[in-house]
1. Using the eigenvalues of the Cα gyration tensor, what equivalent ellipsoid semi-axes result for region 75-168 when each is taken as the square root of five times the eigenvalue, whole Å, largest first?
2. So, for region 297-395, what is the accessible surface per residue at a probe of 1.4 Å, expressed in square angstrom?
3. Taking the solvent-accessible surface of protein heavy atoms with a 1.4 Å probe, what is the per residue accessible area of region 404-532 in Å²?
4. Report the semi-axes of the equivalent ellipsoid for region 167-230 in whole Å, largest first, where each axis is √(5λ) for an eigenvalue λ of the Cα gyration tensor.
5. Take the Cα atoms of region 247-311, build their convex hull, and give its volume per residue in Å³.
6. Could you list the chymotrypsin sites (Phe, Trp or Tyr not before Pro) in region 372-450 that lie in coil according to DSSP, counting only those with at most 16 other Cβ atoms within 10 Å of their Cβ?
7. For region 363-464, what are the per-bin percents of Cα-Cα distances with bins 10 Å wide, up to the bin holding the maximum?
8. Could you pull out every one of the aspartates and glutamates with an alpha carbon less than 14 Å from that of Lys634, ignoring same-chain neighbours closer than 8 positions?
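The values are calculated or read from the model by the stated rules, or taken from the named source; none is laboratory data. This is a predicted model, so every value here is computed, not measured. Ideal geometry is used to build each Cβ from the backbone, glycine not excepted, and the neighbour counts take in all protein chains shown. Ligands, DNA and RNA are excluded from the accessible area calculation, which covers all protein heavy atoms including side chains. Shrake-Rupley method; radii C 1.70, N 1.55, O 1.52, S 1.80 Å.
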Amino acid sequence: MKQCGIVLAMVVTILPITVEAQTVRVDTTHPVNTFRPLHALGTTVDRVPSNATDTFFRPDQLEQVLSAGWGVVSYRQNTDLFVQAWHWNPKGTWSDPSGKGYFTGDSNPTEIIRHSYGYSLPHRGFTRNGGTEFDGFSRLDDGDLTTYWKSNPYLTSAFTGEDDALHPQWIVVDLGKKQDVNAIRIAWADPYAVSFELQYWTGDGDAMDEPVSGEWKQFPSGAVSDGRGGTVTLQVTSSPVTTKFVRVVMTRSSNTCDTNGGADRRNCVGYAIREVYVGRKDGQSGFKDLLQHSADQKQSLTYCSSVDPWHELSDLYVAPDRMESGDQPGFDLFFTSGITRSLPAIVPVAMLYSTPEDSAAQMAYLKKRGYPVSYVEMGEEADGQYMLPEDYGALYLQFAAAIHKVDPGFKLGGPAFQGVTEDIKAWPDSQGRTSWFSRFLAYLKTHGRLADFTFMSFEHYPYDGCETPWKNLYEEPQLLTHIMQVWRDDGLPAGIPLLDTETNAHGGEASVEIFGALWLADTFAGFLTAGGQSTHYYHALPYSPPHPACPNSWGTYHMFMTDRNYQIRQRTSQFFAAEFLTGEWVKPGDEEHTLFAGSSDLKDADGHVLVTAYAVKRPDGQWSLLLINKDHDKPHSVRVLFDDGKDPSRGFSGPVTMLTFGKAQYQWHPVRRDGHADPDGPPVKSTVSGGREAVYTLPPASMNVLRGEIER
């Protein structure tokens with residue numbers, strides 16, 4: 001592996017004017033943003049295998065991570081994705097002293113928190129969702145009548161102060177394909193639903209992932225207002241209905257206590273179901289169930305509105321070499337290791353499967369330690385957990401109130417959406433509104449609490465599937481800037497900043513190829529050009545797993561490949577891209593930079609822009625122009641003109657520093673765990689002559705920086 005650095009070459013003069021060149025124009029009449037690199041160009045720390053943490057946080061390993069130049073760290077909260085309770089502090093108290101119930105971490109700093117883990121929730125109602133796609137199972141159809149799903153007690157009137165009908169809880173059963181249904185059997189636990197509706201899905205779209213592609217309709221005999229619990233078989237229609245999805249919507253609870261007793265009122269609110277069955281009933285053969293009941297991922301898929309965060313000590317889920325059973329690096333390790341550079345970090349609270357008391361204790365702990373926190377992210381990927389916006393809003397207000405009792409100055413926000421490129425939709429509410437984010441904002445406004453929402457966070461993962469064709473590169477940064485505008489159109493006030501708290505290109509091979517480097521540069525610069533405040537690369541720590549769905553090399557989403565002991569052995573393309581942005585495009589450090597819009601007229605036959613441009617005025621007085629040539633096969637020659645409103649044709653003056661990183665400097669060879677690059681950098685550095693007639697050649701598939709002064 002080559003040593004990291006810059007290859008120097010002295011290149012002179014201007015190319016002959018006979019070269020056919022396109023024009024890159026920079027509008028210097030008004031800036032589009034100002035930013036400080038260490039606060040705007042950040043990274044992330046997420047959950048890692050439990051046997052890898054100590055290696056990742058070794059000083060020699062962190063030194064390599066920090067050399068990429070990223071600034072503020074966004075700490076990711078992974079246990080929400082896997083329907084687990086997070087013990088951010090292993091030391092704490094249980095609501096039931098026998099070691100079960102609702103856990104609250106100790107807010108008093110005593111022992112150093114180096115590791116923290118997740119606890120699988122025993123009342124889970126998901127087979128899988130947008131976070132837990134391969135692990136765990138639902139208790140709704142696990143074939144065991146001693147287990148049960150239970151909804152989150154914090155979404156009941158006892159905690160929201162609102163009628164339970166305003167936060168209906170639901171379960172959905174996926175039959176796998178359209179089938180004839182006329183009966184539903186429910187084995188209720190306590191508390192059971194007194195009032196509920198049985199519904200079926202119409203339309204060809206997916207009820208969960210395409211919520212506006214169809215409609216829920218009540219079965220002809222699907223309304224129940226006098227439920228009494230127990231096991232009931234309900235014939236919901238005389239003539240079978242053909243459907244793929246069935247939903248149970250619960251609006252009034254018995255408020256009877258579950259198997260954990262009445263000492264804690266949280267045991268006695270909400271809804272609980274031991275097992276659900278969907279099928280057909282006739283007079284001769286009785287009830288025929290269509291579901292697969294098993295305690296694994298082979299069961300029929302079920303989904304739910306929420307999950308009770310009740311759990312016990314035996315639910316601890318720790319196993320080596322896996323993320324879902326891994327280590328959320330302890331807060332003390334995180335803040336003292338050096339990875340944060342002593343900058344204020346973005347920290348999460350595990351809102352979806354936790355309690356307000358625990359979140360307040362966590363923030364009290366960080367405050368007592370004196371750790372700098374810039375923002376508090378409220379839960380993670382609620383949309384991927386299929387939580388409705390009003391339910392997320394109800395939890396948000398309870399958790400916000402608890403956290404602000406610790407310190408009214410904590411800046412809270414979210415919802416940390418999954419990586420999407422269009423507005424997130426939800427099933428229509430009573431007013432027919434389907435925009436998830438718009439409805440969440442409306443909930444805060446209705447309750448007079450919009451002031452508790454100080455930033456909007458989202459993740460950006462623009463591509464699906466295992467293959468990422470080169471043409472996808474042309475879609476950025478438009479995909480990112482479009483979704484940022486969508487959030488504004490949904491009603492996000494202009495004064496609330498946008499934070500992309502987790503981002504990368506793809507889970508397939510493309511991320512470690514030169515594609516990943518060009519995508520990173522284009523997206524990070526594009527985000528700032530669109531007015532974003534900070535964007536955060538996923539992932540700082542070199543966890544290099546096999547993607548569960550893609551036969552990729554084990555460097556995906558990361559700047560490094562590791563050996564079998566999780567030690568860094570080689571840099572990937574995105575390391576070089578990070579170093580290029582943070583060390584060459586901008587002036588390293590924390591001084592303010594001014595960003596200006598650039599544009600080019602270079603397009604291919606299909607109208608794709610082949611060269612994108614981003615110009616900054618650096619605090620050292622130099623102009624630095626990032627130019628990305630997305631043409632995989634051809635170099636392109638460009639002239640660069642700066643327009644100040646008076647003279648539209650000013651160029652660079654004097655000597656211009658040019659840096660290039662592209663496929664000539666880096667080529668990836670996929671071999672799963674042993675994937676490697678050869679050549680593997682570094683960028684090439686040269687000096688060229690400026691002038692308004694100067695022509696600069698951009699190699700194929702390359703990112704380039706031109707840096708110097710401009711003509712006066």
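1. Details: eigenvalues 128, 76, 43 Å².
Working from the Cα gyration tensor, I get semi-axes of 25, 19, 15 Å.
2. Values: 2550 Å² over 99 residues.
For region 297-395, the solvent-accessible area averages 26 Å² per residue.
3. On the way: 4380 Å² over 129 residues.
About 34 Å² of surface per residue is accessible.
4. On the way: eigenvalues 109, 34, 27 Å².
They are 23, 13, 12 Å, listed largest first.
5. Values: hull volume 9.5 nm³, N = 65.
Normalising the Cα hull of region 247-311 by residue number yields 146 Å³.
6. On the way: sites: Tyr375, Tyr386, Tyr392, Tyr396, Phe399, Phe410, Phe417, Trp436, Phe437, Phe440, Tyr443; in loops: Tyr386, Phe410.
For chymotrypsin sites (Phe, Trp or Tyr not before Pro) across region 372-450 that sit outside H, G, I, E and B with at most 16 neighbouring Cβ atoms in 10 Å, the list is empty.
7. It works out to 14, 45, 30, 10, 1, in whole percents.
8. Once the sequence-local aspartates and glutamates are set aside, what remains near Lys634 is Glu20, Asp604.
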